[in-house]
1. Given a Förster distance of 45 angstrom, what is the FRET efficiency for residue 338 paired with residue 255, based on the Cβ-Cβ distance and rounded to 0.05?
2. Tell me, what is the per residue accessible area of the chain in Å², probe radius 1.4 Å?
3. Can you tell me the relative contact order of segment 282-333? Whole percent, Cα pairs under 8 Å, sequence separation 6 or more.
4. So what is the diffusion coefficient of segment 1-66 in µm² per second by Stokes-Einstein at 10 °C and 1.306 mPa s, using a Kirkwood Rh over Cα pairs?
5. Just to confirm the number: angle between the C-alpha axis of helix 254-265 and the first principal axis of the chain, 0 to 90 degrees, nearest 10?
6. Express in nm, to one decimal, how much length is gained between residue 397 and residue 384 on full extension, taking 0.36 nm for each residue of separation and deducting their alpha carbon distance.
7. So for the chain: antiparallel DSSP bridges make up what percent, rounded to the nearest 5?
8. Would you compute, from DSSP H runs of 4+ residues alone, the mean residue ellipticity of the chain at 222 nm, taking -39500 (n - 2.57) per run and dividing by the full residue count, rounded to the nearest 500?
Amino acid sequence: MDHFLYRDGMLCAEDVPLAEIAASVGTPFYCYSAATLTRHYKLFDEALDGMEHLVCYAMKANSNQAVLKLLGDLGAGMDVVSGGEYRRARAAGIPGERIVFSGVGKTEEEMQTAIEGGIRQFNIESEPEMARLSGVAARLGAEVPVTIRVNPDVDAKTHEKIATGKSENKFGIPISRASAVYAQAAKLPGLKVIGIDVHIGSQLVDLDPFRLAFRKVAELTEQLRAEGHEISRLDLGGGLGIPYERSNADPPLPRDFGQVIREEVGHLGCEIEIEPGRLIAGNAGVLVSEVIYVKEGEDRQFLIVDAAMNDLIRPAMYGAHHDIIPLNEPAPGAEPARYDVVGPVCESGDTFTKGRDMAAMAPGELIAFRSAGAYGAVMASEYNSRPMIPEVLVQKDQFAVIRARPSFDEMINRDTIPEWL
Ligand code: LLP
């Protein structure tokens, strides 16, 4: 459930009509609902009730500092994957002891930043990275808590670009080699091995792959303990999918995910961490856009809107579906129309959907792309010299711009032309 509903025929974010925000900030823009973010975070927190745990929001999904502050105030930790994300989380007031650092390519500089600033744990993804981190920690006279990310070779049954738990993927160490790698880690200075990390992919709509992966982690925990390692923390990653198409069957809920965790690893007495991103932010955000033209093609109608692939790249990149609904609720029984919804960017890939039956629209009318709160704004670019679009947060009847639209000059003046040209 989210908080983007029609009231008196107008699509609202909580108690604020989106058209009101559009009139104030212009289109296109992203809009997030504080109540939905809060609700989704709490669902995960409650799902792990009774087990020592920390929900580390995967901030790559939506890293606006207002979002981070809201979740941080509820008690969330953060999963970061770059020095930039680490700094952003700290800037939003998240303490280092609630930040876990994931990612296959951490640099020495990033390691140092996090060690000096305070870190809950590093999730190590390879032997060379382990040696590098040991060197940095030893040089700084620190002993850093680490887990090692294992690749359980499980098919997550999701889009190939966002599956991470198969042996052919770049992530983690093969679970078959875990014993040797843990033995090596135990000897390295500066590292304190405390647990195991796993993340098998994103937008999973079936719990079975999670169950398989967690079962392997449980077996590994017992094996490593028998080999003398202290395994007290399990980071079980993120990846729970969301219902992008309202008409489709709903994916499992955080509660069901929590139940799988309880069943598979609950008996081990470990502290549990999870790293959900999409489920917390995805349905907590919409992208609002204005129809510029309705263009008659040879055998189709194009709805040309002022948002484009540079603002929301998921359809172009993954063939992803986003529901598209008008801000003015269609009258009951109104005749639908069939559109290819496209942006103004100069390539055919700038297509949000093809042949979609939806409410008939006219130029100047507003639409909302649903489920755009995760991997929307964070993946945006200025392609075609289109300035980044603003982000707005709504809470009850108030809204605030949480990232302003830059002016054309701000965008253009970032370039410098060398004197010698
Ligand atoms: N933990 C790690 C180590 C991850 O790599 C990811 C996502 C997550 C947690 C969070 O997964 P989530 O709960 O959000 O599924 N841009 C793509 C999604 C990329 C996901 C990358 N890693 C998209 O728009 O679908």
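The values are calculated or read from the model by the stated rules, or taken from the named source; none is laboratory data. Nothing here was measured: the structure is a model prediction, and the numbers come from that model. Here the Cβ positions follow ideal geometry from the backbone for every residue, glycine too, while neighbour counts run over all protein chains shown. Ligands, DNA and RNA are stripped out before the accessible areas are found, and what is left, the full protein with its side chains, is counted by its heavy atoms. Shrake-Rupley method; radii C 1.70, N 1.55, O 1.52, S 1.80 Å.
1. 0.75
2. Ligands and nucleic acids excluded, the result is 43 Å² per residue.
3. Computed value for segment 282-333: 21 percent relative contact order.
4. 113 µm²/s
5. 20 degrees
6. My answer for the length gained is 1.2 nm.
7. Around 50 percent antiparallel, to the nearest 5.
8. That calculation yields -8000 deg cm²/dmol at 222 nm.
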